[in-house]
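The values are calculated or read from the model by the stated rules, or taken from the named source; none is laboratory data. Here the structure is a predicted model, which means the values were calculated and not measured. Cβ placement follows ideal geometry from the backbone for every residue including glycine, while neighbour counts extend to all protein chains displayed. In case anyone asks, the SASA skips ligands and DNA or RNA and just uses the protein heavy atoms, side chains included. Shrake-Rupley method; radii C 1.70, N 1.55, O 1.52, S 1.80 Å.
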Amino acid sequence: MRARAFGGGGPAVPVVGQGTWDVPTSGAARDDAVRALREGIELGMVHVDTAEMYGNGRAEEVVGEAIAGLPRERLFLVSKVLPENATFEGTQRACERSLRRMGTDYLDCYLLHWRGAHPLEGTMRALERLVDDGKIRSLGVSNFDVADLEEAAGLVRSHPIACNQVLYNLTERGIERRVLPYCARNGIALVGYSPFGQGGFPSPASAGGRALAAIAARHDDGPYAVALAFLVRLAGTFAIPKAARPAHVRENARGAALTLAERDLADLEAAFPLPATDGPLATA
Ligand code: NAP
């Protein structure tokens, strides 16, 4: 699968990974979710994104089951600390809990989920300590606009901010105006979450949906694959769709391999234009 450096000097990571928000955490649906994640990993979507928030830790356990027995070095595991836990001590304790639930010794990247009331300084110091202790390979943030990124960058001493995870999909392209250029200049991976709008994907009857269908037909693929190909077209970008159904997982993996032609890109730009002005950072 197509991969690129995760932040400045980071390891090569496939451009399309897998999300786990709202993943079923009980019953037969949980088993299906484990199988879907595993199939995605086999198809190369080894970047698995989770958080202590998702299912109150149960999504991390689902990930733990999906990765059990797999060679750890093949995987790129990411989790996030809740802002309410993100003190210097609390961040480290939260990370330990996540590691236990996932059944792993380290995370490839660990993020502050969004900025909360605790001073950023303690969180960033804790994240750096976790890198020094070998609990995480890199640190990052989520839902950070440029001012927050600048502040966080000023607080880290020896480990750079590897990633900023933000909302990015066809109808939410605001990050391309300000946040993505900042990340690109500073070697920060831009991981786009909710690439399909969390169930709000353009309907086939809409103008955007028709444009997607026409492009998909030209590539003999599906509209979700086209959307993913568009969202990872720019340097430094990654996407983490969540899919519980095997057919969805397979289409998403194909999206990473799909190269859009100039004409496709022009049609998507017309159907899903970049906002004309800067607005506040959009979040889910
Ligand atoms: P999403 O990935 O935009 O959409 C998920 C929905 O799309 C599910 O209903 C899924 O259905 C469907 N889907 C997936 N692939 C499909 C395909 N090929 N064809 C048709 N439908 C498809 O939503 P999301 O879960 O909000 O975002 C992805 C991940 O980003 C999350 O799981 C989470 O890890 C992360 N995230 C982070 C934040 C943050 O604040 N940092 C916020 C939100 C999300 P099935 O499940 O039925 O297959």
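Could you work out which residue, out of 140, 69, 236, moves most in a Gaussian network model of the chain, that is, has the largest mean-square fluctuation with Cα springs under 10 Å? Result: 69 has the largest fluctuation of those listed. A simple rule links phi to the HN-Hα coupling: the Karplus curve 6.51 cos²θ - 1.76 cosθ + 1.60 with θ = phi - 60°, which for the range 238-248 gives 9, 10, 10, x, 9, 9, 9, 9, x, 5, 5 Hz, with x for Gly and Pro. Here the contact order of the range 139-284, divided by its residue count and restricted to Cα pairs under 8 Å and six or more residues apart, works out to 27 percent. Ordering 43, 85, 68 by the projection of their Cα atoms onto the charge dipole of the range 38-133, which places +1 on the Cβ of Lys and Arg and -1 on the Cβ of Asp and Glu, puts 85 at the extreme positive end.
Here the calculated FRET efficiency for residue 70 and residue 278, from their Cβ-Cβ distance with R0 = 45 Å, stands at 0.60, rounded to the nearest 0.05. Note on the range 12-52: Cα-only Rg and Dmax are 10.7, 35 Å. Based on C-alpha pairs under 8 angstrom that are at least 6 apart in sequence, the chain has a relative contact order of 21 percent. Annotation: residue 148 carries an accessible surface of approximately 40 Å², with a 1.4 Å probe and no ligand, DNA or RNA atoms counted.
Which angle between 0 and 90 degrees, to the nearest 10, do you get for helix 58-67 versus the longest principal axis of the chain when only C-alpha atoms count? Orientation of helix 58-67: about 80 degrees from the principal axis. Set the Förster distance to 51 Å, then compute FRET efficiency between residue 185 and residue 26 from the Cβ-Cβ distance, nearest 0.05. Rounded to the nearest 0.05, the efficiency is 0.70.
Using the Karplus relation 6.51 cos²θ - 1.76 cosθ + 1.60 with θ = phi - 60°, the per-residue 3J(HN,Hα) values for the range 141-156 come to 9, 9, 6, 9, 7, 4, 4, 5, 4, 5, 5, 4, 5, x, 9, 7 Hz, with x marking Gly and Pro. Amide H contacts under 5 Å for residue 107: 136, 137, restricted to partners 5 or more places along the chain or on a different chain, H placed in the peptide plane at 1.01 Å from N. When peptides 16-22, 119-125, 75-81, 257-263 are ranked by their average number of other Cβ atoms within 10 Å per residue, the highest-first order is 75-81, 16-22, 119-125, 257-263.
A simple rule links phi to the HN-Hα coupling: the Karplus curve 6.51 cos²θ - 1.76 cosθ + 1.60 with θ = phi - 60°, which for the range 225-233 gives 5, 4, 4, 5, 4, 5, 6, 10, 6 Hz, with x for Gly and Pro.
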